[in-house]
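Participant: Starting off with a structure, shown below.
The values are calculated or read from the model by the stated rules, or taken from the named source; none is laboratory data. Every value quoted in this text rests on a predicted model; they were computed, and no experiment measured them. Neighbour counts are summed over all protein chains in view; Cβ atoms, including those assigned to glycine, are modelled from backbone coordinates with ideal geometry. These accessible areas exclude ligands, DNA and RNA; they are computed on the full protein's heavy atoms, side chains included. Shrake-Rupley method; radii C 1.70, N 1.55, O 1.52, S 1.80 Å.
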Amino acid sequence: ASNKRLIFSNDNRSCERPGSVSCYPAAFADLPGEESEFHIVIDKTVSTANWLTFGLAVRGMACASSDGLGKTSDTWGIRDDRSSTSSQSIIAACGKDLKNFRKLRDGDRLSLKVNTTLGVCHFSVNATEFAHQFSIPTGSASKYFFAMTFADDHKVTILPYYR
């Protein structure tokens with residue numbers, strides 16, 4: 001389901017957008033169950049065109065030409081305008097801006113913890129630096145994807161999960 005113009009490496013744990021390929025190229029990962037967690041580290045950011053977004057999406061989100069996570073309907077997450085050095089990241093749900101947070105940077109660890117039975121999605125940056133909980137429609141985990149759209153020349157890596 002992920003955009004074919006993204007570059008996957010490291011046994012598909014790392015993903016990079018080379019240059020300005022596509023428009024809002026998206027990468028997706030299945031939720032393994034009704035209670036799921038997903039953690040990434042931002043390996044490379046640059047001040048460049050486009051938006052970096054991360055969050056949760058209902059299946060069916062376009063793998064290109066969307067408005068990214070949080071702004072697109074049926075998505076929840078963080079949006080960061082990489083072409084602006086002064087603006088902040090935006091926490092948003094289904095097109096509604098909710099909160100602001102500082103710009104994302106190299107080394108930031110972004111996490112989502114989802115419970116589709118309870119209808120909650122907990123987002124955090126660097127474990128305790130910032131957190132926000134979204135309400136989502138209840139349903140099967142198969143209804144959702146963990147998702148990310150990439151700004152030009154940005155790279156992330158999925159982190160292993162340890163209890």
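Participant: Hey, can you tell me all the residues within region 87-127 that are assigned to a strand (DSSP E or B) and surrounded by fewer than 14 Cβ atoms within 10 Å (Cβ to Cβ)?
Facilitator: 96, 97, 98, 99, 100
Participant: Where residues in region 63-76 are touching a strand residue (DSSP E or B) at 6+ places or on another chain (Cβ under 7 Å) and free of Cβ contacts under 8 Å to residues at least 60 places away in the same chain, which of them is surrounded by the fewest Cβ atoms within 10 Å (Cβ to Cβ)?
Facilitator: 74
Participant: Show the residue pairs meeting these rules: Cβ distance below 9 Å; 6+ apart or different chains; first residue within region 94-118 and free of Cβ contacts under 8 Å to residues at least 12 places away in the same chain and within 17 Å of residue 83 (Cβ to Cβ); second residue open to solvent by 80 Å² or more (accessible area, probe 1.4 Å) and of a type in the set (A, V, I, L, M, F, W, C).
Facilitator: That search, which allows pairs on different chains as well, returns nothing.
Participant: Mind checking which residues of region 128-163 are polar (S, T, N, Q) and either open to solvent by 30 Å² or more (accessible area, probe 1.4 Å) or under 13 Å from residue 78 (Cβ atoms) (or both)?
Facilitator: Residues of region 128-163 polar (S, T, N, Q): 128, 133, 135, 138, 140, 142, 149, 157.
If the condition is that a residue be polar (S, T, N, Q) and either open to solvent by 30 Å² or more (accessible area, probe 1.4 Å) or under 13 Å from residue 78 (Cβ atoms) (or both), then 128, 133, 135, 138, 140, 142, 149 are the ones that fit.
Participant: Could you say whether any residue in region 5-12 is within 14 Å of the chain's Cα centre (by Cα) and either assigned to a strand (DSSP E or B) or closer than 27 Å to residue 87 by Cα (or both)?
Facilitator: no
Participant: Looking at the structure I just gave you, is residue 79 among the basic types (Lys, Arg), in a strand (DSSP E or B) and open to solvent by 10 Å² or more (accessible area, probe 1.4 Å)? Step through it out loud before you land on a result.
Facilitator: On the way: among the basic types (Lys, Arg): yes; in a strand (DSSP E or B): yes; open to solvent by 10 Å² or more (accessible area, probe 1.4 Å): yes.
So residue 79 fits the description; yes.
Participant: With respect to residue 2, determine if the residue is polar (S, T, N, Q) and either open to solvent by 30 Å² or more (accessible area, probe 1.4 Å) or without any contact (Cβ under 8 Å) to a residue 60 or more places away in the chain (or both). I'd like the intermediate steps shown before the answer.
Facilitator: Details: polar (S, T, N, Q): yes; either open to solvent by 30 Å² or more (accessible area, probe 1.4 Å) or without any contact (Cβ under 8 Å) to a residue 60 or more places away in the chain (or both): no.
When the stated conditions are applied, residue 2 does not pass them.
Participant: Look through region 29-54, keep the residues that are among the aromatic types (Phe, Trp, Tyr) and open to solvent by 30 Å² or more (accessible area, probe 1.4 Å), and return whichever of them is farthest from residue 119 (Cα to Cα).
Facilitator: Filtering region 29-54 for residues that are among the aromatic types (Phe, Trp, Tyr) and open to solvent by 30 Å² or more (accessible area, probe 1.4 Å), the one farthest from residue 119 (Cα to Cα) comes out as 51.
Participant: Of the numbered conditions (1) in contact with an Asp or Glu (Cβ under 8 Å, 6 or more places away or on another chain); (2) charged (D, E, K, R); (3) under 16 Å from residue 151 (Cα atoms), residue 67 fails exactly one; give the number of that condition.
Facilitator: Result: residue 67 fails condition (1) only.
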